[in-house]
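Engineer: Here it is: the structure, laid out below.
The values are calculated or read from the model by the stated rules, or taken from the named source; none is laboratory data. What you are looking at is a predicted structure, and each value in this text was computed from that prediction instead of being measured. Cβ placement follows ideal geometry from the backbone for every residue including glycine, while neighbour counts extend to all protein chains displayed.
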Amino acid sequence: MYETVSRVAISDVDADGYMSIGALIHRMQDCCSLHCEDAGYGLKWLQEHHAGWYIVSWQVHILKKLPFMGEEITTRTIPYYLKGYLGNRNFVVFNSAKERIVEANSNWVLMDLKNGRPYRLPQEMIDAFTVDEELAIDWPGRKIAALEDRKKIYDFTVSLMHVDTNNHMNNSHYVEAARACLPSGFDIKEMYVDYKAQARLGDKVTASASEHDNDMQITLEDGSDEIYACVNFVRRTTE
């Protein structure tokens, strides 16, 4: 287990002053990347070994309203499965009152960036990260099938502002691109992301939406037959 303590800043918030879902994803991936740094397997090690972590999926449950500007939050990452070339991590985020406000699951694969093949995790890395017990949550399957009745909302071209150290669009930008398709007032209770292909610099991305039972699926694709990611949003309802 590893955790960071930080405050919600102006770059983290939406127009209402509360942390955005994209900023939440940033904060969680920042937490695990700093864990890698402190364990001795951070960006320098990855560059020296021509390796990079690719995320396969996010499963995020938002238990309480995301924090407001200036609020202190604690982000905790729990690596619970490290084997072969795979790494699975849970996340828990606490607000300033120490209430659990977010629970998340993520699946990652370590890739060899030179040949595009999986990179086997060294045993020393596994030992350095320390495997802990996973959260006792029944997560749905990570695979998401694209719905056929989706309608195009908008498109954009991957630019330098989207690209990370793996030379593809960072996973958080898929989330922000999908969130931009949601109707005003859509209160996110759960979010599931299935990353299927890499969008790289100069690629065109088309965002399409489908609404079913008050929930939304956003598909990010290349406009022909390649799907980059499917993002399912579950709306919070009042009972």
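Engineer: Only one of these conditions is not met by Thr157: (1) closer than 17 Å to Val56 by Cβ; (2) touching a strand residue (DSSP E or B) at 6+ places or on another chain (Cβ under 7 Å). Which number is it?
Structural biologist: So Thr157 meets the others, but not (1).
Engineer: Moving on. Do we have Ala229 as within 20 Å of the chain's Cα centre (by Cα) and either surrounded by fewer than 16 Cβ atoms within 10 Å (Cβ to Cβ) or at pLDDT 95 or above (or both) here?
Structural biologist: Details: within 20 Å of the chain's Cα centre (by Cα): yes; either surrounded by fewer than 16 Cβ atoms within 10 Å (Cβ to Cβ) or at pLDDT 95 or above (or both): yes.
Against the criterion (within 20 Å of the chain's Cα centre (by Cα) and either surrounded by fewer than 16 Cβ atoms within 10 Å (Cβ to Cβ) or at pLDDT 95 or above (or both)), Ala229 qualifies.
Engineer: In addition: Select from the range 5-32 the residues that are among the polar types (S, T, N, Q) and either surrounded by fewer than 16 Cβ atoms within 10 Å (Cβ to Cβ) or touching an Asp or Glu at 6+ places or on another chain (Cβ under 7 Å) (or both) and list them in ascending order.
Structural biologist: If the condition is that a residue be among the polar types (S, T, N, Q) and either surrounded by fewer than 16 Cβ atoms within 10 Å (Cβ to Cβ) or touching an Asp or Glu at 6+ places or on another chain (Cβ under 7 Å) (or both), then Ser6, Ser11, Ser20 are the ones that fit.
Residues checked against (1) at pLDDT 95 or above; (2) part of a strand (DSSP E or B); (3) not acidic (Asp, Glu):
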| residue | (1), (2), (3) |
| --- | --- |
| Leu135 | yes, no, yes |
| Pro140 | no, no, yes |
| Asp149 | no, no, no |
| Met161 | no, no, yes |
| Gly185 | no, no, yes |
| Met191 | yes, yes, yes |
| Ala199 | no, no, yes |
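Engineer: Still on this model: How many of the residues making up the range 91-130 are acidic (Asp, Glu) and either surrounded by 14 or more Cβ atoms within 10 Å (Cβ to Cβ) or in contact with a Leu (Cβ under 6 Å, 6 or more places away or on another chain) (or both)?
Structural biologist: 2
Engineer: Out of the residues in the range 59-90 that are in contact with an Asp or Glu (Cβ under 8 Å, 6 or more places away or on another chain) and of a type in the set (Ser, Thr, Tyr), state the one that is surrounded by the fewest Cβ atoms within 10 Å (Cβ to Cβ).
Structural biologist: Taking the candidates together, the pick is Tyr81.
Engineer: What are the pairs with Cβ atoms under 7 angstrom where one residue, in the range 79-98, is farther than 17 Å from Gln29 by Cα and the other, located anywhere, is in a strand (DSSP E or B) and of a type outside the set (A, V, I, L, M)? Sequence gap at least six, or different chains.
Structural biologist: Tyr85/Pro118; Ser96/Glu72
Listed here are the residues, each with its yes/no results for (1) modelled with pLDDT under 95; (2) over 15 Å from the mean Cα position of the chain (by Cα).
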site	(1), (2)
Gly22	yes, no
Met28	no, no
Lys44	no, yes
Ile62	no, no
Pro67	no, yes
Glu72	no, yes
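Engineer: Inspect all residues belonging to the range 61-68 and state whether any of them is among the hydrophobic types (A, V, I, L, M, F, W, C), farther than 21 Å from Asp194 by Cα and touching a Gly at 6+ places or on another chain (Cβ under 9 Å).
Structural biologist: For the range 61-68, residues among the hydrophobic types (A, V, I, L, M, F, W, C), farther than 21 Å from Asp194 by Cα and touching a Gly at 6+ places or on another chain (Cβ under 9 Å): present.
Engineer: Check Tyr54, Tyr80 and return the single one that is of a type outside the set (A, V, I, L, M) and closer than 19 Å to Val175 by Cβ. Break it down stepwise before answering.
Structural biologist: On the way: Tyr80 fails: closer than 19 Å to Val175 by Cβ.
The match here is Tyr54.
Engineer: Assuming Tyr41 fulfils every condition listed in (1) in contact with a Lys or Arg (Cβ under 9 Å, 6 or more places away or on another chain); (2) over 21 Å from Asp194 (Cβ atoms); (3) crowded, with 21+ Cβ neighbours inside 10 Å apart from one, which condition is it?
Structural biologist: (1)
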